[in-house]
Amino acid sequence: MRPEVFKMIDRVVAIDPALNKIHCQGLVPQESSIFEGHFPGHPIMPGVLLIEAMAQTTGWLILARNRFEKMPFLATVKEGKLRTFVVPGQNLDLYSEVLHEGSGFVVARTQGLIEGKLICNAELTFRVLPWPEGKMKAVVLKVAEHVNFPLTDIANA
Amino acid sequence: MSSTFDTVANIIAETCDIPRDTITPDSHAIDDLGIDSLDFLDIAFAIDKAFGIKLPLEQWTQEVNDGKATTEQYFVLKNLCARIDELVAAKAA
């Protein structure tokens, strides 16, 4: 994980064959510039970045469902709960499950755990839109390789 | 029709915190009720769940943007409810 550049996911662990659920992991680094301010001498993962980690987890699931045809953009965070502090060195297990896929949007339930203990959860809604002009899709596909996204499996699913 | 309208009106009232008695079949969701596109996602989610359908929002938006339809055709509530009834009937067929 490199939270200072919003790389919250280290790897996609599993996506279920029905493409309804995903499991990702991210190791909170010992060193990051975000801890210089949050907080000096008392490093804690910012809650907004835990939301971001859950959003990115869900994002990979939505990309799997639409075979990278469109890009999910976070639109709504409901019932977001940050239950305990997350500190450097802890490994986040992130899970997401699609509740509903509508026309141009997806609603998902997502949560983060550390050593099996629930530490954050939320219901997220994404707008799912055509890729913007430019290199965004190529960049996302490259990141997919880095996080072990099962591109071949999804293409053949 | 009336039960569809009641369900939709109740969803809108609850989702957007709009007084139920101000929502009529002739209300335009955007122009009269002030519902924005983000709130409409919540409404669409609730309608999809309540009726077991998938409102074709992308198609409707495209048609409006292309000038092939007006927002009134889809977002005046009596028209929205008629579309919902059509989708429910098509699903049952």
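The values are calculated or read from the model by the stated rules, or taken from the named source; none is laboratory data. Just so it is clear, the model here is predicted, and its values are computed rather than measured. Backbone-built Cβ (ideal geometry, glycine too); neighbour counts: all protein chains shown. Just the protein is used for accessible areas: all its heavy atoms, side chains included, with ligands, DNA and RNA removed. Shrake-Rupley method; radii C 1.70, N 1.55, O 1.52, S 1.80 Å.
Could you state how much accessible area A:E101 has, in square angstrom rounded to the nearest 10, with a 1.4 Å probe and all protein chains kept in place?
70
Got the relative contact order for region A:2-127 handy, in percent, Cα pairs under 8 Å and 6 or more residues apart?
27
Other chains near A:103-110: what is the mean number of their Cβ atoms within 10 Å of each residue's Cβ? Show your work: numbers first, answer last.
Values: counts 11, 10, 9, 2, 6, 0, 0, 0.
Per residue, the average neighbour count from other chains is 5.
Where only protein heavy atoms count, and the probe is 1.4 Å, what is the accessible area per residue for region B:2-90 in Å²?
For region B:2-90, the solvent-accessible area averages 50 Å² per residue.
Quick one: accessible surface of A:K135, probe radius 1.4 Å, all protein chains present, in square angstrom to the nearest 10.
Here the accessible area works out near 150 Å².
Separation of region A:79-117 and region B:16-93 by C-alpha centroid, Å?
Computed from Cα coordinates, the inter-centre distance equals 30 Å.
Quick check: with the 1.4 Å probe, what order do A:H146, A:H42 take by accessible area, largest first?
Putting A:H146, A:H42 in descending order of accessible area: A:H146, A:H42.
Show that you can apply the helix-only estimate: for chain A, add -39,500 (n - 2.57) for every DSSP H stretch of four or more residues, divide by all residues, and state [θ] at 222 nm to the nearest 500.
Helix-only estimate at 222 nm: -7500 deg cm²/dmol.
What is the helix-to-structure angle for A:47-65, meaning the angle in degrees between its Cα long axis and the longest Cα principal axis of chain A, kept from 0 to 90 and rounded to the nearest 10?
So the inclination is approximately 20 degrees.
At a probe radius of 1.4 Å, what is the per-residue accessible area of A:R67, in Å² to the nearest 10?
Accessible surface of A:R67 is approximately 90 Å².
How big is the convex hull of the Cα atoms of region A:30-84, per residue, in Å³?
117
What are the equivalent ellipsoid semi-axes of chain B, built from the alpha-carbon gyration tensor (square roots of five times its eigenvalues), in whole angstrom, biggest first?
Taking √(5λ) for each eigenvalue gives 18, 17, 12 Å, largest first.
Chains B and A: how much accessible area gets covered up at their contact, both sides added, probe 1.4 Å, in Å² to the nearest hundred?
1100
Given chain A, what whole percent of its Cα pairs are spread farther than 19 Å? Before the final figure, lay out each step's value.
Numbers: 6411 of 12246 pairs.
Result: 52 percent of Cα pairs exceed 19 Å.
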